[in-house]
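Comments concern the structure below.
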Amino acid sequence: VYLVVVLTMFVRTDAVVPAPASTPEENLAARDTTEPARPRWERWAQQRTLPVALTLIAVPVLVAVVVILALPTPTSTDTAVTVTADSCAHEWNSAHSGTQSIDVANKSSHAGEINLDDASGGVVGEIETLGPGTTATLTATLGSGTYSFVCLMPGGTTRSAAVTVTGHDVANVLAVKPVTIADLTGPNNAYQAYAAQTLTTLAGDVAALRSAVASGDLAGAQKDWLTAQLDWERVGASYDSFGDKGQAVDGLPDGLPGGVNDPGFTGLHRVEYGLYHGQGPSQLLPVIDQLTTDIGVVRQNLTTDDEAGDPTNLPIRVHEILEDAQRDHLSGIDDLGSHTAYAATSADTQITRVVLAEVAPLVQARDPGLVATITRGLNTLDAALNTTRTPNGWQPSDTVTLAQRQQVNAALGAVLQSLSDEPGLLEVPPSS
């Protein structure tokens, strides 16, 4: 493109038009007009046409060659290995220290997880899911030590030969040691004990809510409802983690044929809708009584529920509580009249700190700086949320200023980014 444009301009010549005959007076005027001198380079170029043309062609070519040579050469993968139904990376027989890329081809008929482990069992490289008949690149930084591939497939776990890497030590070699169900059982038991205590508090606050509704105290009932709702947030339910039992306590009318008037719409948000849409004791007391029963069901099944009772779900919960707040509270999806999104998000921040503390030793052992980073992010989020409070309580979400909303959204997005690293660190391999 450069050559076409420049050479076209270079070889273009203006047509020479003969000047008309002039009168003596015009000749005199012409002699009085002095033509300005052309620049020296232009006169030089006119006298040396060939060197100028060659320069215009050669210089950009030379510059392009220099740039191409200076650019880093794309590197291919260091080696390639395959996974089959009964073998794992049988080609793995040599490696070098430093960062390298390895193509892994899955020639089996099942998807699986492929890890590159060090001698201690720490994972230095991972392909989370490798589908059948596909190839993906695993990138890892290796220091001096012994490494082997581990293929976690539906038919069982297979392992490659161990390869010893020698040479200079490499800094920042991160080996993430997989956790086991036993590692997570203690933290999950501690969380369940906390959740059981919070559910007991919730049951008492719902009883106070019932009394306020029965006496016709609307302002008191709205205040007691918020207290109960925040209790539930602090239980740590996220993404339907208590299943249908949790939905009965805190579900929304989405998908119900009758919407907010559907008999299947129960729980705290059903009470919220009634309190902020003029419904009285005769309509709300049966709903609150059902809510009391449903809270009891959650308490009774807390340790045996498939989601809440499974220790492997605890690391996911650490991240999903605030992700749930972003999806439901700050978007307004679950606002049925109270406009209490920022109060609910603050409660979610509190329970996030609780569950993070339960798994903090496991996280610290695998990524020493992550807990501190998440904690700073939670502090920033709390500070942003507190700007939406007044001496009289939380501001309604529809009166919060744009600047306040932006601060909260930015802080929440930042801490969610940090929290997203935690579940992968505490993932239990399928073989565990």
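Surrounded by 14 or more Cβ atoms within 10 Å (Cβ to Cβ) and out of contact with any Leu (no Cβ under 7 Å at 6 or more places or on another chain): is that true of T166 in this structure? In short, no. Evaluation of L252 against the conditions (1) crowded, with 21+ Cβ neighbours inside 10 Å; (2) among the aliphatic types (A, V, I, L, M); (3) in a loop (DSSP other than H, G, I, E, B) shows that the sole unmet condition is (1).
Is it the case that some residue within region 241-251 is assigned by TED's automatic domain parsing to the domain that holds R210, among the charged types (D, E, K, R) and free of Cβ contacts under 8 Å to residues at least 40 places away in the same chain? Yes, because at least one residue in region 241-251 is assigned by TED's automatic domain parsing to the domain that holds R210, among the charged types (D, E, K, R) and free of Cβ contacts under 8 Å to residues at least 40 places away in the same chain.
Going by what's in this entry, would V150 be described as aliphatic (A, V, I, L, M), under 25 Å from A365 (Cβ atoms), more than 24 Å from the chain's Cα centre (by Cα) and surrounded by 18 or more Cβ atoms within 10 Å (Cβ to Cβ)? Yes.
Put simply, of G264, G296, G278 the only residue that is in the same structural domain as L218 (by TED's automatic domain parsing), surrounded by fewer than 21 Cβ atoms within 10 Å (Cβ to Cβ), among the small types (G, A, S) and in contact (Cβ under 8 Å) with a residue 60 or more places away in the chain is G296. For the list (1) more than 30 Å from T401 (Cα to Cα); (2) among the polar types (S, T, N, Q); (3) part of a loop (DSSP other than H, G, I, E, B), I need the number of the one condition that S338 fails. So the condition that S338 fails would be (1).
Taking first residues from region 375-404 that are touching a residue at least 12 places away in the same chain (Cβ under 8 Å) and hydroxyl-bearing (S, T, Y) and partners that are surrounded by 15 or more Cβ atoms within 10 Å (Cβ to Cβ) and outside any helix (DSSP H, G or I), the Cβ contacts under 6 Å between residues at least 6 apart in sequence or on separate chains come to T388/Q395; T388/V400; S397/H339.
Screening V371, V354 for residues that are assigned to a helix (DSSP H, G or I), crowded, with 17+ Cβ neighbours inside 10 Å and without any contact (Cβ under 8 Å) to a residue 40 or more places away in the chain leaves exactly one candidate, V371.
The values are calculated or read from the model by the stated rules, or taken from the named source; none is laboratory data. Only a predicted model underlies this, so the values are computations on that prediction, with no experimental measurement involved. Cβ: placed from backbone, ideal geometry, glycine included. Neighbour counts: every protein chain shown.
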